[in-house]
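Presented below is the structure to which this report refers.
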Amino acid sequence: MTLVDFTVVPLGSGSTSLSSFVALVQQELEKSGLSSRLNPMSTTVEGDLGDILAFIKRLHAKLRRAGYQRISTSIKIDDRFDKPGPHIERKMRVVKRKLSRRKGKG
């Protein structure tokens, strides 16, 4: 199971706000069936790496059809093979557990 954290930013939208664009990305993710989590500055998707990269490619194509002439995309990939997924929830549980242990010691 792979985690991909990505940010897609259309350049030349005429606005400094990206909330409408982020909402569009979330709608497309819901249609895709991929498991995802919206973060304040990115989106994390969980699944098959090929499926996720194909989704990002489709998203780029949709933006080109919408008239965007330039799209900047950052991608961070966590491809873990020693444990089965889902990674998103497990990673969050592990960190929260460690934080609660620290609070008990302080």
**Fill in**
If we ask which residues in the range 7-57 are in contact with a Gly (Cβ under 9 Å, 6 or more places away or on another chain), over 19 Å from Arg80 (Cα atoms) and hydrophobic (A, V, I, L, M, F, W, C), their number turns out to be 1
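Scan the range 62-78 residue by residue and report those that are under 19 Å from the mean Cα position of the chain (by Cα) and loosely packed, with under 10 Cβ neighbours inside 10 Å.
Matches in the range 62-78: Ser72 only.
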**Request:** Working only within the range 56-106, note down all residues that are modelled with pLDDT under 90, in a helix (DSSP H, G or I) and of a type in the set (A, V, I, L, M, F, W, C).
**Result:** Leu63, Ile88, Met92, Val94, Val95, Leu99
**Request:** Output the number of the condition that Thr44 fails; it satisfies all remaining conditions of (1) touching a Leu at 6+ places or on another chain (Cβ under 8 Å); (2) outside any strand (DSSP E or B); (3) buried (at least 16 other Cβ atoms within 10 Å of the Cβ).
**Result:** (2)
**Prompt:** Quick one: Lys31 ticks every box in (1) in contact with a strand residue (DSSP E or B) (Cβ under 7 Å, 6 or more places away or on another chain); (2) part of a helix (DSSP H, G or I) bar one, so which box is it?
**Reply:** (1)
**Message:** Every residue in the range 1-41 that is buried (at least 17 other Cβ atoms within 10 Å of the Cβ), small (Gly, Ala, Ser) and without any contact (Cβ under 8 Å) to a residue 40 or more places away in the chain, please.
**Reply:** Ser32, Ser36
**Request:** Collect the residues in the range 79-88 that are hydrophobic (A, V, I, L, M, F, W, C) and either surrounded by 12 or more Cβ atoms within 10 Å (Cβ to Cβ) or within 16 Å of Leu18 (Cβ to Cβ) (or both), keeping them in residue-number order.
**Result:** Ile88
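Condition first: farther than 14 Å from Tyr68 by Cβ and either acidic (Asp, Glu) or part of a helix (DSSP H, G or I) (or both). Now tell me which residues in the range 1-27 satisfy that. Steps first, answer last, please.
The first filter runs over the range 1-27 and keeps only residues farther than 14 Å from Tyr68 by Cβ, leaving 1-7, 16-17, 19, 22-23, 26-27.
Of everything in the range 1-27, those that are farther than 14 Å from Tyr68 by Cβ and either acidic (Asp, Glu) or part of a helix (DSSP H, G or I) (or both) turn out to be Asp5, Ser19, Val22, Ala23, Gln26, Gln27.
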**For Met1: the one exception among (1) at pLDDT 90 or above; (2) touching a His at 6+ places or on another chain (Cβ under 7 Å)** = (1)
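The values are calculated or read from the model by the stated rules, or taken from the named source; none is laboratory data. What you are looking at is a predicted structure, and each value in this text was computed from that prediction instead of being measured. With ideal geometry, Cβ positions are generated from the backbone for all residues, glycine too; neighbour counts draw on all protein chains shown.
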